[in-house]
Each structure stands twice: as structure tokens, then as C-alpha cells.
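Some notes on the structure that comes next.
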Protein chains: 2
Amino acid sequence: MAKSSITINDIARELNVAPSTVSRALNNSPKISDFTKQKIIEKAEKLGYNLNMVASSLSRSRTNTIGVVIPFLNNFFYSEVINGIEEIAYNKGYRILVAQTKDSFDKEKEILRTMSATRVDGVIACLSSETTTTDHLRSFSAGGIPMVLFDRVRFDFSCRKVVIDNYSAMQQSVSHLARSGYKNIAHLGGPSSCNIYSEHAKAFKDTLKKAGLPLLPQFHLSTNLTEEDIAEAVGIWLNAEIKPDAIITANSHAALVVSKLIREQKLSIPEEIALTSLTCEPALHFVEPQITSIELPGGDTGRTSMTYLLNEIEHGEQKNDTTIKPFQLIIRNSSFRNK
Amino acid sequence: MAKSSITINDIARELNVAPSTVSRALNNSPKISDFTKQKIIEKAEKLGYNLNMVASSLSRSRTNTIGVVIPFLNNFFYSEVINGIEEIAYNKGYRILVAQTKDSFDKEKEILRTMSATRVDGVIACLSSETTTTDHLRSFSAGGIPMVLFDRVRFDFSCRKVVIDNYSAMQQSVSHLARSGYKNIAHLGGPSSCNIYSEHAKAFKDTLKKAGLPLLPQFHLSTNLTEEDIAEAVGIWLNAEIKPDAIITANSHAALVVSKLIREQKLSIPEEIALTSLTCEPALHFVEPQITSIELPGGDTGRTSMTYLLNEIEHGEQKNDTTIKPFQLIIRNSSFRNK
DNA sequence: ACTATATGTGCAAGCGTTTGCATTATATTT
DNA sequence: AAATATAATGCAAACGCTTGCACATATAGT
């Protein structure tokens with residue numbers, strides 16, 4: 001369908017040189033005289049020549065493309081990660097190809113298959129919440145394409161990983177609430193099949209115990225974090241004899257939903273009930289009161305992941321280590337009482 | 001760097017057939033017997049064969065890839081559009097390649113250049129807010145690649161366009177406020193170089209006049225919608241002798257910022273001042289009071305754009321018309337007084 | 001039996017670049 | 001001036017797949 005575009009052969013013919021000379025000239029090879037280069041570049045310009053990357057990729061067997069797979073596009077953390085990746089990638093002459101799994105395992109497999117077919121030079125991925133096995137990762141790797149995993153990873157798959165210190169995030173959140181005098185802390189967690197959430201859960205239990213606070217099983221939930229799950233959990237909590245006086249949510253969206261539900265029940269935050277979130281997004285600053293949260297280093301995670309990937313792509317470096325990124329607990333008005 | 005992957009030639013050799021037969025079998029050509037197909041598919045499976053899309057693309061001179069260019073990834077509307085595009089694309093065997101301009105004209109040019117080099121089969125784009133010319137679109141089109149523009153478009157470039165009925169959106173917003181008894185309506189608008197915002201501006205003026213309301217120049221602003229711009233405008237408005245009793249913001253982010261600023265000034269929404277937004281995002285439901293807004297048909301916009309693009313790619317259909325998508329004004333608590 | 005018609009497979013060119021090696025022209029050394 | 005190094009360019013194969021055309025069997029029609 002595309003209008004017949006012009007090729008290096010067209011340029012070569014018009015100038016009575018070999019196509020190889022044109023190719024070298026356009027790639028600024030030192031083997032071509034400045035005079036010839038000049039001539040070729042001008043002619044290319046004039047004819048409106050545009051490199052055919054697919055031919056180039058085939059010939060060089062590299063596409064200079066990095067696949068990025070994330071659960072959702074419309075997510076603050078992931079878009080920060082993408083920005084970080086792009087920043088490094090762009091400077092090194094790579095472009096990125098983003099795809100979202102929508103937290104579906106099947107979509108994740110599908111995406112990896114097509115990225116493999118597309119011959120991306122490497123992949124940076126955050127696994128879907130449904131992912132509990134690694135066969136698809138292994139068969140992807142069988143193609144020899146480097147991969148680095150971030151955030152939601154599987155430790156039973158060998159590759160470099162960049163993760164958040166989820167354990168400490170929960171630990172600090174609980175400690176903060178405990179210091180502020182909250183006693184019945186509830187945790188609205190995510191599916192424990194996912195490393196993030198199981199780390200949260202472990203830290204939650206450990207830290208409560210260390211702080212000498214009770215761990216009521218009904219206050220320690222693992223859900224799929226859908227709006228229904230959240231409404232159900234909060235509904236039960238707020239109508240029980242023993243109510244939580246603080247809630248920690250696995251992510252910022254859950255925190256927003258919870259804050260709304262609490263308001264609807266005419267309970268006040270943070271006086272009657274405190275609220276903190278384990279991830280951040282701008283909306284947390286816009287609700288009243290502003291919600292205490294963990295600020296994740298998205299950009300940094302992206303930059304590090306990309307840097308690791310490049311080391312593997314360009315220097316064949318193969319590692320199986322895990323980099324743990326620090327975070328910041330940002331205390332806002334939702335989590336301490338003005339006594 | 002990639003482990004030498006296996007090709008159709010490997011399969012052909014092992015089975016003593018021609019590579020062309022393998023190719024046809026794997027593409028399920030009717031010209032190959034079921035027996036042979038079976039044999040080939042099994043062998044391919046066994047060897048872990050994976051189609052090399054770049055070779056295939058070069059050979060067929062089509063990539064089955066659609067480029068999608070948007071200002072920002074992390075935006076509710078655009079991610080809905082992407083979902084709509086994906087939905088159609090996926091079913092037709094196309095994958096999509098998303099890139100963000102971050103509202104930079106230079107980045108937009110750059111992206112179009114590399115998409116052209118990548119030989120995407122078509123492009124769906126929403127122009128950056130900096131874009132005021134169309135030369136880059138023309139030179140892109142010179143490559144013969146179809147394009148459809150959505151949301152932020154330029155009418156001086158010939159192609160199909162899918163836009164929101166921005167004029168009516170503003171018109172209905174103003175009418176709603178007027179009906180609710182607000183008199184001094186202010187408009188926090190975007191840069192008028194962009195079709196969206198100039199349409200808003202025109203509708204704002206027209207509708208005020210029609211409603212017999214005053215149009216105070218200081219209440220009709222065109223800004224770049226940065227947080228600073230917003231803070232400055234609102235600061236002036238709220239401290240003037242004549243304050244607005246209603247504010248219409250160009251987008252949801254501005255609405256959130258404004259709602260926060262109003263709260264900080266201890267003014268009440270909607271009693272002392274009403275607030276409505278011309279775009280929507282989930283955060284608008286989480287703030288108190290919930291903010292009245294225009295719900296844009298993102299998914300629908302994406303699906304329509306993709307459908308148009310496919311018509312052009314697959315049937316050579318060339319049009320230069322504009323499809324205007326309807327929207328819904330969702331009235332929430334920020335814009336009417338409980339008398 | 002003897003052309004016509006399917007049916008299944010192979011051959012080889014082509015897609016647009018890149019790149020190792022060969023070749024020629026020019027410059028340097030002895 | 002001959003021998004050697006250097007610089008600039010061309011040749012041709014390769015990257016892995018697709019596809020029009022030719023070819024060889026097998027089936028059907030008369």
C-alpha cells in the first residue's frame with residue numbers, strides 16, 4: 001500500500017556509485033571520503049530518503065528496540081518507570097515498545113511471544129498479578145533475548161531484577177502508625193501469589209508482633225484489590241464490634257476507594273481511623289485529608305533496569321542478582337492525630 | 001548477541017522439503033497437504049521455531065504494526081483511547097507501538113521519523129500542544145503511510161480526523177452552571193493554538209452571551225495549564241473584588257488543582273464557588289465534593305480511529321473528513337447548590 | 001488411452017541493508 | 001623507480017522470509 005519509497009539503490013544509481021558506498025556514507029563510515037559523503041547525503045536529502053529499519057534490522061540482526069511489558073499503561077508508577085527507561089534508552093539509540101498485560105497471564109505470554117518474533121534486543125518486564133509460573137519466561141529466554149524483571153518478579157527465574165523494598169515499606173508504615181498511637185491496624189493486601197504482596201504480608205505480621213500490637217486475622221486480608229473486594233472488606237471492618245483504627249492499603253487506588261468509603265460512613269480521617277497507602281499517585285494529594293503513602297522511585301527503577309539490560313545486550317553480562325530500591329514514606333494528614 | 005535461532009530453512013532441511021513449503025505450511029496455505037502441514041508444524045514446535053517478524057515484514061513490505069502517538073502515557077483519556085485501538089487492532093492481527101511526545105513538537109517530529117523508518121503500516125496521532133504547523137505530517141505522509149488524527153488535530157492537514165465535540169462540551173457546561181444560578185463564570189483554558197482550546201474559548205464566549213451573562217476578560221484565560229499557571233490565575237481570581245462564582249477548567253488535572261486551591265482559601269464548593277471540568281479522570285470522584293465533568297468517549301474514539309485507519313490501509317480508502325464524537329456531561333456535587 | 005484439471009511441492013528471485021573481502025587509485029617509503 | 005602502505009570504492013553474499021511460476025503427480029472427463 002505504501003508509496004514505493006526510495007532506497008539506497010536509487011541513490012546509488014543516480015550518483016553512479018555502489019549501494020554499499022551509499023550505505024557506508026549514510027552511516028558515516030570513516031572509509032568514505034568527505035566529498036562522496038557530502039554528495040550522497042545531499043542526494044538522499046533531496047530524494048527524501050528514509051532508512052528502512054526493517055531491512056537494516058534484518059541485516060544487522062538487531063532491532064535497537066527494547067520491549068517493555070507492564071500490567072497497565074494508566075498507572076503512575078509504571079509511567080514513571082517508562083520515563084526512566086526511555087531516558088537511558090533514547091541516549092543509547094534504542095527505542096522502546098510498550099505493551100500492557102492488563103494483569104492477564106495469557107496476555108503476558110502472548111506479548112512475550114510477539115516480542116520474541118519482533119526480535120526486540122531485550123525486554124524489561126513487570127509480571128502480571130496472575131503470573132505464578134515461569135515457563136513462558138524460560139521459553140522466551142530460549143530465544144537468547146536478555147530480560148530484566150522489575151517490581152513484580154519471580155525469583156525462580158534467573159535474570160537481573162530490580163525491586164522495591166516492600167518489606168521495609170510495610171514495616172515503616174506500621175511503625176509510623178504505631179508511633180502515632182493507632183492500635184488496631186488493618187492491612188488490605190493484594191494476592192499473595194505476587195512477591196510484592198507476600199512481602200507486605202510478612203512485614204505486616206512481623207512488625208505488629210515487634211510493636212506488641214495484636215494481629216487479628218480479620219484485619220489481615222489478601223484480596224484481588226478490585227473495587228468490590230475493597231468495598232466488601234471495608235464494609236465488614238467498619239461495621240464490626242472491633243473496628244480497625246488504621247488501614248494500610250496495598251496501593252494508592254485502594255487507598256482512594258477506602259477513603260471514600262470511610263467518608264461515606266461519616267467516620268473521620270485520621271481521628272477515628274487512619275489511612276496509609278503503600279504506593280503513590282498524585283490523586284493522593286488532592287483528597288482531603290491528603291493520604292500518607294510510600295513514594296516509589298519509579299524513574300530510578302526504570303533507569304537502573306535499562307542500564308542493566310544494556311550491559312547484558314552490549315557486553316553479554318549475565319547476572320542473577322536483585323537490586324533493591326529504596327523508597328520514602330511521606331507522612332500526610334491521613335495518619336496522625338492532632339492531639 | 002542472540003542465540004542463533006532456528007529458521008524455516010532448518011525445518012526444511014530436517015524434513016527434506018523446500019523452505020517455501022515450510023513457509024506456506026506455517027502460514028496455513030491451502031496449497032499444502034494436511035499431512036505435510038502436520039509434519040512441519042510438529043517439527044517447528046519441537047525445534048522451538050519462532051517466526052522472524054523482521055524478515056517477514058521485509059519480505060511482505062508490511063509490518064502489521066500501527067504507531068500510536070499521544071502527548072502523555074499517564075493520562076486517563078489517552079489510555080482509554082489506546083485500549084480502544086488495541087481492541088480493534090488485536091482482532092485484525094495488528095500490534096501497536098505507542099510513543100509519547102510529552103507535548104514537545106520536536107519529540108513529535110522525531111517520533112514520526114522513526115515510525116516512518118520502522119515502516120509502521122499506519123499511524124494514529126494526537127498532536128502535541130506545541131504543534132502549530134503540519135510540515136512534519138506532510139513529510140511523513142510522503143512515505144505513503146496512512147494517518148488518522150484524533151482529539152488534537154490540525155484541519156489544514158488532509159486526513160481523517162476523530163474529535164470530541166468540544167464546542168458543545170463547553171456550551172453545556174456553561175448552560176448547566178447558568179441554570180444553577182451561577183453568574184460570574186470563569187474559564188481556565190488551554191493554549192489557543194490548539195483546536196480543542198480555541199473551540200472551548202469560542203463556545204465560552206458564545207454561550208455566555210446567549211445566556212445573557214457578563215464576559216469579564218479576566219475570567220476568560222488562555223494558559224499553558226501548568227500548576228504555576230493555575231495557581232497564579234486562581235490566586236488572582238480569588239483575591240479580586242469581583243470573584244468568579246464558578247470555574248470551568250480545561251481538563252481534570254486543572255480541576256483537581258483548582259479544587260485544592262479553593263479549599264485552601266476556605267471557600268466552599270459549590271456554595272461559594274462552583275467547579276466543573278472539561279475532561280474526566282477517576283480522581284474526580286474521590287475528592288470532596290466530587291467534581292462535575294465531561295466524560296469523553298475515549299474507547300470509542302480509539303475504536304473509530306483504528307477502524308478508519310484499517311479502511312485506509314487495507315482498502316486504500318482516502319478521506320479528509322472529521323468525525324465528531326459525542327460526550328456526556330456528568331453532574332456531580334461541585335456544581336449545584338442545595339438551596 | 002489421451003488430453004484437460006486439480007493438487008501439492010520446489011525453484012529462485014526479491015524485500016533493502018550491511019559487511020568482509022577484493023580491487024583500484026593514490027600516497028609514502030626506500 | 002620499484003615496492004609497499006594507505007585510502008576509497010565496488011562486488012557479492014548474507015539476513016530469513018514470501019511468492020509467482022514452473023513442475024510433477026494424480027484425478028477426472030471424453
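The values are calculated or read from the model by the stated rules, or taken from the named source; none is laboratory data. Remember, predicted model here, so these are calculated numbers, not experimental data. Every residue, glycine among them, receives a Cβ derived from its backbone with ideal geometry; neighbour counts consider all protein chains shown.
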Selection within the stretch A:258-281 - without any contact (Cβ under 8 Å) to a residue 60 or more places away in the chain, more than 16 Å from A:Ile294 (Cβ to Cβ) and either among the hydroxyl-bearing types (Ser, Thr, Tyr) or touching a Leu at 6+ places or on another chain (Cβ under 9 Å) (or both): A:Leu261, A:Ile262, A:Gln265, A:Leu267, A:Ser268, A:Ile273
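Here is a yes/no grid of residues against (1) under 24 Å from A:Ile6 (Cα atoms); (2) crowded, with 18+ Cβ neighbours inside 10 Å:
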| position | (1), (2) |
| --- | --- |
| B:Ala117 | yes, no |
| B:Val123 | yes, yes |
| B:Ser129 | no, yes |
| B:His136 | yes, yes |
| B:Asp151 | no, yes |
| B:Ile164 | no, yes |
Residues (at pLDDT 95 or above and out of contact with any Ser or Thr (no Cβ under 8 Å at 6 or more places or on another chain)) located in the stretch A:81-91: A:Ile82, A:Asn83, A:Glu86, A:Glu87, A:Ala89
Among the candidates A:Leu58, A:Leu73, A:Leu97, A:Leu15, residue that is more than 13 Å from DNA strand C (Cβ to nearest atom) and farther than 24 Å from A:Asp300 by Cα: A:Leu15
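Just to be sure before I move on: is A:Val174 in contact (Cβ under 8 Å) with a residue 60 or more places away in the chain and within 19 Å of the chain's Cα centre (by Cα) in the structure I sent?
Working: in contact (Cβ under 8 Å) with a residue 60 or more places away in the chain: yes; within 19 Å of the chain's Cα centre (by Cα): no.
Considered against the rule, which asks whether it is in contact (Cβ under 8 Å) with a residue 60 or more places away in the chain and within 19 Å of the chain's Cα centre (by Cα), A:Val174 comes out as no.
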Where B:Thr65 falls short, out of the listed (1) of a type in the set (S, T, N, Q); (2) without any contact (Cβ under 8 Å) to a residue 60 or more places away in the chain; (3) out of contact with any strand residue (DSSP E or B) (no Cβ under 8 Å at 6 or more places or on another chain): (3)
Criterion violated by B:Lys202 - all others in (1) more than 14 Å from chain A (Cβ to nearest Cβ); (2) in contact with a Ser or Thr (Cβ under 9 Å, 6 or more places away or on another chain); (3) at pLDDT 95 or above satisfied: (2)
Hits in the stretch A:282-321 (condition: within 9 Å of chain B (Cβ to nearest Cβ), surrounded by 20 or more Cβ atoms within 10 Å (Cβ to Cβ) and touching a residue at least 60 places away in the same chain (Cβ under 8 Å)): A:Glu312, A:Ile313
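With the condition being facing chain A (nearest Cβ under 10 Å), I'd like the helices (runs of 4 or more DSSP H) fully within the stretch B:1-104 carrying at least 2 qualifying residues.
Numbers: elements: B:8-15, B:19-26, B:34-47, B:53-60, B:76-91.
Result: B:53-60, B:76-91.
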Unmet requirement for A:Ile32, which otherwise passes all of (1) farther than 30 Å from A:Gly144 by Cβ; (2) among the β-branched types (Val, Ile, Thr); (3) touching a Leu at 6+ places or on another chain (Cβ under 9 Å): (3)
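Using the structure shown, decide if A:Glu110 is of a type in the set (Asp, Glu) and more than 14 Å from chain B (Cβ to nearest Cβ).
Judged against the criteria, A:Glu110 is not a match.
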Failed item in (1) within 25 Å of A:Tyr308 (Cα to Cα); (2) surrounded by fewer than 19 Cβ atoms within 10 Å (Cβ to Cβ), with A:Pro71 passing the rest: (2)
Failed item, numbered, when B:Thr132 is tested on (1) at pLDDT 95 or above; (2) over 17 Å from the mean Cα position of the chain (by Cα); (3) away from chain A (no Cβ under 14 Å): (1)
Checklist (1) near DNA strand D (Cβ under 6 Å from one of its atoms); (2) under 26 Å from B:Pro146 (Cβ atoms) applied to A:Asp10, failing item: (1)
Criterion violated by B:Ile40 - all others in (1) crowded, with 18+ Cβ neighbours inside 10 Å; (2) within 11 Å of DNA strand D (Cβ to nearest atom); (3) not charged (D, E, K, R) satisfied: (2)
Test set (1) in contact (Cβ under 8 Å) with a residue 60 or more places away in the chain; (2) over 26 Å from the mean Cα position of the chain (by Cα) - B:His200 fails condition number: (2)
Failed item, numbered, when B:Ser305 is tested on (1) farther than 19 Å from B:Ile70 by Cα; (2) assigned by TED's automatic domain parsing to the domain that holds B:Arg160: (1)
